[in-house]
Amino acid sequence: IPAEGFYERKHFFFLREAKLMMLAGLWDEWKNPIGGVLRSYTIITTAPSELVGRVHDRMPVIIGRADWAKWLGEEEATEEQLKALLKPYPAELMGVSPPFGAKPKQDAPKENSQLQLLRHLTHQCHSPQNWKMLTCPTQRS
């Protein structure tokens, strides 16, 4: 699952040397009992790295660039080789921006105001206490 980064408790985690990360995920396609085909996916999580562990007890599995072909099935890999990829990403290769409302650190990515607003609203949509306050496409009050 391609992503620019991920949020944990209002902190945005990203890769220092890349604009895009690949999160390990699984997907399935199944027949809906009331008709049609549904596609669904999940993001696989693992224990946190030292960096993420400061704010949360888990993190998404990030697949390093060298292992994308293995994870996607484009290159042969054993079950053991795939399981070995399900580990915390090295903390020294990641950065974190401060929580919303805090003064940005030097290593935080530069963002325009529209992207900041989008990230803020996305966070708000996933906060249950705000579901009735906001109209979010994935949540209904």
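The values are calculated or read from the model by the stated rules, or taken from the named source; none is laboratory data. Here the structure is a predicted model, which is why all the values come from computation and not from measurement. When we count neighbours, we look across all protein chains shown, and the Cβ atoms used for this are built from the backbone with ideal geometry, even at glycine. Keep in mind that these areas ignore ligands, DNA and RNA; they rest on the heavy atoms of the full protein, side chains included. Shrake-Rupley method; radii C 1.70, N 1.55, O 1.52, S 1.80 Å.
Against the test of being under 20 Å from the mean Cα position of the chain (by Cα) and at pLDDT 95 or above, the options Lys87, Lys110 yield a single qualifying residue, Lys87. The requirement of being open to solvent by 70 Å² or more (accessible area, probe 1.4 Å) and in contact with a strand residue (DSSP E or B) (Cβ under 6 Å, 6 or more places away or on another chain) is not satisfied by Arg54.
Note on the stretch 68-97: among residues that are within 14 Å of Gly25 (Cα to Cα) and touching a helix residue (DSSP H, G or I) at 6+ places or on another chain (Cβ under 9 Å), the one that is least open to solvent (accessible area, probe 1.4 Å) is Leu85. Residues in the stretch 23-34 that are open to solvent by 40 Å² or more (accessible area, probe 1.4 Å) and in a strand (DSSP E or B) were compared, and the one that is farthest from Asp67 (Cα to Cα) is Lys31. The requirement of being at pLDDT below 95, under 19 Å from the mean Cα position of the chain (by Cα) and among the polar types (S, T, N, Q) is fulfilled somewhere in the stretch 34-41, by at least one residue.
Entry remark, the stretch 35-68: residues being outside any loop (DSSP other than H, G, I, E, B) and without any contact (Cβ under 8 Å) to a residue 12 or more places away in the chain number 5 in total.
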